[in-house]
Amino acid sequence: MLTSRALVTRVLRIKSIGCLYNCAVIRLKMSEESGSTLTKPQKRVEEENGESVDNGHIRKKLKCNMEPNADDRKHPKRKVVLLLAYSGKGYYGMQRNAGSSQFKTIEDELVTALIKSGCIPDNHGDDMKKMSFQRCARTDKGVSAAGQVVSLKLWMIEGLMEKINSNLPPQIRVLGLKRVTGGFNSKNNCDARTYSYMLPTVAFAPKDYDTHNSAAFRLDPGTLQIVNRLFASYKGTHNFHNFTSQKAARDPSARRYITEMSCGEPFVRGGTEFAEITVRGQSFMMHQIRKMIGLVIAVVKGYSGEEVLKRTWGEEKVDVPKAPGLGLVLEKVHFDRYNKRFGGDGLHECLEWTVEEQAILAFKEAHIYPSIVETECQEGSMVSWMATLPIHDFEATATGTQVKDKGQDDDDEEGNGSDSAL
């Protein structure tokens, strides 16, 4: 049995609870009459979509409902890479120039096609960061590509590649598409890049050769051996500050690693003999490839001795000629480390394009090679450039250092096209 004191304590407690209940009822009636709601204490609340938000914060699901084309949200958004091939003739390079519609680029055409295809929202065209867009290389004005790779997030709509290509001009094509990891960046994950440079073999003719009959020139095997010996000297790691206009002699980033450089056997197209130079390296600076080729041409033609190549790797400033941009093609980009880590995880594919090789070759034969041959035969850009070689003084040096342009991106420009493009 309860003692009298315990009994009194329980009665008081019951009265206290009843008082609190009555107060709560009164407050609820007052709020209903005024049409207001009671303010709940600050706490984490579980929303219907599983997202927890603080009281007073905008709910994530409301933000999602504000996105354009809400019907397309039924399609999953994924990080992918696109394999691009394009002829650069008539375009001001790869990279988009926001707000400059008069200088049309490859990316202008691509973004327009992505929007028309319904795989990105309209507002992503104005701000490409919204789709995490990144390119492997910024090819310059007039330069082509057979194996450019871009990474971005897309809605995985049905018939994606076909819809994109249907909204692209014939000289630009998406030849492949693959899923990649969420953090993949086509520029930062790229281990190396391979370029080719197609030129008329008259470029290696003696300097006293009559260029009015350039189509009749044929490269002899002995000269081809000399050309390849000179190109082989570029292999390895060297200081290429003299092969760009943006690097000081002691800038560590001027040191670049070249794994391959050679010239293939000549072939005849349109009555003119051509040859194709192949170069592979980790990355290239602006105009580096064109200057590497230009210097070898100057040596083979007899404007300078072979010792000039080693001198360019020193700290002295050397006048290095820059070969024309016509003929430079981004052939392939390499993702060896990514492939080793993720290519066999069962979720992602290796970023190799063996299945697409025939489509790549067919595109080059239809769009890239004819454009290079026709332009060279009609305009004679190589012959015109060779006429400027005598004005270069390969023996003189300058003590001044080159100043890097802070507004310019150092890497993977791959140095092409016109001087004004970048």
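The values are calculated or read from the model by the stated rules, or taken from the named source; none is laboratory data. Please read these numbers as outputs of a predicted model, since none were measured by experiment. Glycine also receives a Cβ, built like all others from the backbone with ideal geometry; neighbour counts cover every protein chain displayed.
How many residues does the stretch 235-245 hold that are surrounded by fewer than 22 Cβ atoms within 10 Å (Cβ to Cβ) and touching a residue at least 40 places away in the same chain (Cβ under 8 Å)?
Step one: list which residues in the stretch 235-245 are surrounded by fewer than 22 Cβ atoms within 10 Å (Cβ to Cβ), which gives 235-239, 245.
With touching a residue at least 40 places away in the same chain (Cβ under 8 Å) added as a condition, the list becomes 238-239, 245.
Qualifying residue count, the stretch 235-245: 3.
For the stretch 135-164: of the residues being surrounded by 15 or more Cβ atoms within 10 Å (Cβ to Cβ) and more than 27 Å from Tyr369 (Cα to Cα), which is nearest to the chain's Cα centre (by Cα)?
Leu152
May I ask you to say which residue of Ile172, Ile226 is among the β-branched types (Val, Ile, Thr), at negative phi and in the same structural domain as Leu389 (by TED's automatic domain parsing)?
Residue meeting the stated conditions: Ile226.
Among (1) of a type in the set (Gly, Ala, Ser); (2) outside the structural domain of Pro370 (by TED's automatic domain parsing); (3) in contact with a helix residue (DSSP H, G or I) (Cβ under 7 Å, 6 or more places away or on another chain), which single condition is Ser214 missing?
Failed condition: (2).
All but one of (1) more than 16 Å from Phe243 (Cβ to Cβ); (2) surrounded by 22 or more Cβ atoms within 10 Å (Cβ to Cβ) hold for Gly270; state the number of the condition that does not hold.
Result: Gly270 passes all but (2).
If you scan the stretch 278-303, which residues turn out to be in a strand (DSSP E or B) and either surrounded by fewer than 24 Cβ atoms within 10 Å (Cβ to Cβ) or of a type outside the set (A, V, I, L, M, F, W, C) (or both)?
Hits for the stretch 278-303 are Thr278, Arg280, Gly281.
Give the residues of the stretch 114-127 that are surrounded by 20 or more Cβ atoms within 10 Å (Cβ to Cβ) and aliphatic (A, V, I, L, M), sorted by residue number.
Leu114, Ile120 - these are the residues of the stretch 114-127 that are surrounded by 20 or more Cβ atoms within 10 Å (Cβ to Cβ) and aliphatic (A, V, I, L, M).
Give the residue, chosen from Lys187, Lys235, that is of a type outside the set (Gly, Ala, Ser), more than 21 Å from Glu357 (Cβ to Cβ) and outside the structural domain of Val383 (by TED's automatic domain parsing).
After ruling out the rest, the residue left standing is Lys187.
If a residue must be of a type in the set (Lys, Arg) and either free of Cβ contacts under 8 Å to residues at least 24 places away in the same chain or under 15 Å from Lys116 (Cα atoms) (or both), how many such residues does the stretch 143-172 contain?
Looking only at the stretch 143-172, we keep the residues that are of a type in the set (Lys, Arg), and these are 153, 163.
Those left that are additionally either free of Cβ contacts under 8 Å to residues at least 24 places away in the same chain or under 15 Å from Lys116 (Cα atoms) (or both): 163.
Of the residues in the stretch 143-172, 1 are of a type in the set (Lys, Arg) and either free of Cβ contacts under 8 Å to residues at least 24 places away in the same chain or under 15 Å from Lys116 (Cα atoms) (or both).
For the stretch 340-361, check the following and say yes or no: at least one residue is of a type in the set (D, E, K, R), within 23 Å of Phe204 (Cα to Cα) and either assigned to a loop (DSSP other than H, G, I, E, B) or modelled with pLDDT of 80 or more (or both).
Quick first cut of the stretch 340-361, residues of a type in the set (D, E, K, R) only: 340-341, 345, 349, 352, 356-357.
Filter once more, so that each one left must be within 23 Å of Phe204 (Cα to Cα): none.
For the stretch 340-361, residues of a type in the set (D, E, K, R), within 23 Å of Phe204 (Cα to Cα) and either assigned to a loop (DSSP other than H, G, I, E, B) or modelled with pLDDT of 80 or more (or both): absent.
Among the residues of the stretch 210-219, which ones are modelled with pLDDT under 95 and assigned to a loop (DSSP other than H, G, I, E, B)?
Answer for the stretch 210-219, where residues must be modelled with pLDDT under 95 and assigned to a loop (DSSP other than H, G, I, E, B): just Asp210.
Considering only the stretch 311-319, I want to know if a residue exists there that is closer than 20 Å to Asn242 by Cα, out of contact with any Gly (no Cβ under 8 Å at 6 or more places or on another chain) and assigned to a helix (DSSP H, G or I).
Going residue by residue through the stretch 311-319, those that are closer than 20 Å to Asn242 by Cα are 311-319.
The next check asks that each one be out of contact with any Gly (no Cβ under 8 Å at 6 or more places or on another chain); those that pass are 311-316, 318-319.
This time we only want the ones that are assigned to a helix (DSSP H, G or I), so: 311-312.
Looking through the stretch 311-319, at least one residue is closer than 20 Å to Asn242 by Cα, out of contact with any Gly (no Cβ under 8 Å at 6 or more places or on another chain) and assigned to a helix (DSSP H, G or I).
Could you look through the stretch 78-97, keep only residues that are at pLDDT 90 or above and charged (D, E, K, R), and pick out the one that is nearest to Ala366 (Cα to Cα)?
Lys89
For the stretch 367-422, name all the residues that are modelled with pLDDT of 95 or more and of a type in the set (Phe, Trp, Tyr).
Listed by number, the residues that qualify are Tyr369, Trp385.
Scan the stretch 223-253 for residues that are modelled with pLDDT under 95, touching a helix residue (DSSP H, G or I) at 6+ places or on another chain (Cβ under 6 Å) and of a type outside the set (S, T, N, Q) and jot them down.
The answer is Lys247, Ala249.
To keep it simple, each residue is scored yes or no on (1) under 21 Å from the mean Cα position of the chain (by Cα); (2) surrounded by fewer than 20 Cβ atoms within 10 Å (Cβ to Cβ); (3) closer than 22 Å to Gly325 by Cβ; (4) at pLDDT 95 or above.
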residue	(1), (2), (3), (4)
Ser166	no, yes, no, yes
Ile172	yes, no, yes, yes
Phe184	yes, no, no, yes
Cys190	yes, no, yes, yes
Thr194	yes, yes, yes, yes
Met198	no, no, yes, yes
Val202	no, no, yes, yes
Lys207	no, yes, no, no
Pro221	no, yes, no, yes
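Would it be correct to say that Asp140 is of a type outside the set (Phe, Trp, Tyr), out of contact with any Phe, Trp or Tyr (no Cβ under 6 Å at 6 or more places or on another chain) and part of a helix (DSSP H, G or I)?
In short, no.
The rows are residues; the columns are (1) in contact with a Pro (Cβ under 6 Å, 6 or more places away or on another chain); (2) of a type in the set (Val, Ile, Thr); (3) in the same structural domain as Val279 (by TED's automatic domain parsing).
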position	(1), (2), (3)
Leu295	no, no, yes
Val299	no, yes, yes
Gly302	no, no, yes
Trp313	no, no, yes
Asp319	no, no, yes
Lys322	no, no, yes
Gly343	no, no, no
Leu347	no, no, no
Cys350	no, no, no
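Might you check whether a residue that is out of contact with any helix residue (DSSP H, G or I) (no Cβ under 6 Å at 6 or more places or on another chain), more than 29 Å from Val80 (Cα to Cα) and free of Cβ contacts under 8 Å to residues at least 60 places away in the same chain occurs anywhere in the stretch 342-352?
No, there is no match, as no residue in the stretch 342-352 is out of contact with any helix residue (DSSP H, G or I) (no Cβ under 6 Å at 6 or more places or on another chain), more than 29 Å from Val80 (Cα to Cα) and free of Cβ contacts under 8 Å to residues at least 60 places away in the same chain.
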